[in-house]
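Worksheet: the structure to be examined is printed underneath.
The values are calculated or read from the model by the stated rules, or taken from the named source; none is laboratory data. In this text the structure is predicted, and so the values were computed from the model without any measurement. Heads up, the Cβs are rebuilt from the backbone with ideal geometry, glycines too, and the neighbour counts pull from every protein chain shown.
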Amino acid sequence: MSDSVEHPYVEWIAREASRPVVTDQAARDRIMAAVRLAPMPHRSPVAHRVLGFFRPGAIQLSPAVGALLAAGLVGVGVIAGGFVKNWGVRADGQSSIGVAVQPPVLRATDTVAKFVFVGPQASHVALVGDFNDWDVRKTPMVRSATGGLWTVTLPLQAGRHLYAFVVDGSTWTNDPGAPVAPDDGFGHVNSIRNVPGPAL
């Protein structure tokens, strides 16, 4: 059953609502004349200047002022760019993004595992594995104060885990102190970490 049968006035209302509104020209002229004659609300000089500032219009500057304004904007951009470029970089030049910003949730079935990599010449080392989707950004390692030792500690579920170290963003290397897993098919040699379950 259609709406027009159920509600016979629906079509009539729709037709009436879509018709253009016709107004008397003389009535429109009288309304506009009354609007023009209505007194403007009083504004203080301060409010007048503030509201005038937002009124559209062209701003005219001398060439010298324009050049100074442009130089200032470039300076602000350079300073802001330096902050963005150095965001997440510690004083020792290492990335602090993702380093213990929020401690990982430790489940009852997890065991805390420490990974150590010796790389005195490295400028950045990350731990990748099946526990962090092999994502270089997720588990950066921290250089020790004395130099070439890189460490990271994280909770791992009990079981067998594959992992590797990524040095300076491109060189994948296995852990020489751990068993080696079979070739992963991508040309990387991965290490194995067997994590025991928690003691009951």
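Return yes or no: is Asp175 in contact (Cβ under 8 Å) with a residue 60 or more places away in the chain and closer than 17 Å to Ala113 by Cβ?
yes
Limited to region 184-200, what total is found for residues that are surrounded by 14 or more Cβ atoms within 10 Å (Cβ to Cβ) and not in a loop (DSSP other than H, G, I, E, B)?
The number of residues fulfilling the criteria is 4.
Taking Pro104 and the conditions (1) at pLDDT 90 or above; (2) in a loop (DSSP other than H, G, I, E, B), which numbered condition does it fall short on, given that it satisfies the others?
Result: Pro104 fails condition (1) only.
Please find, within region 153-183, the residue that is nearest to the chain's Cα centre (by Cα) out of those that are assigned to a loop (DSSP other than H, G, I, E, B) and exposed (fewer than 13 other Cβ atoms within 10 Å of the Cβ).
Gly169
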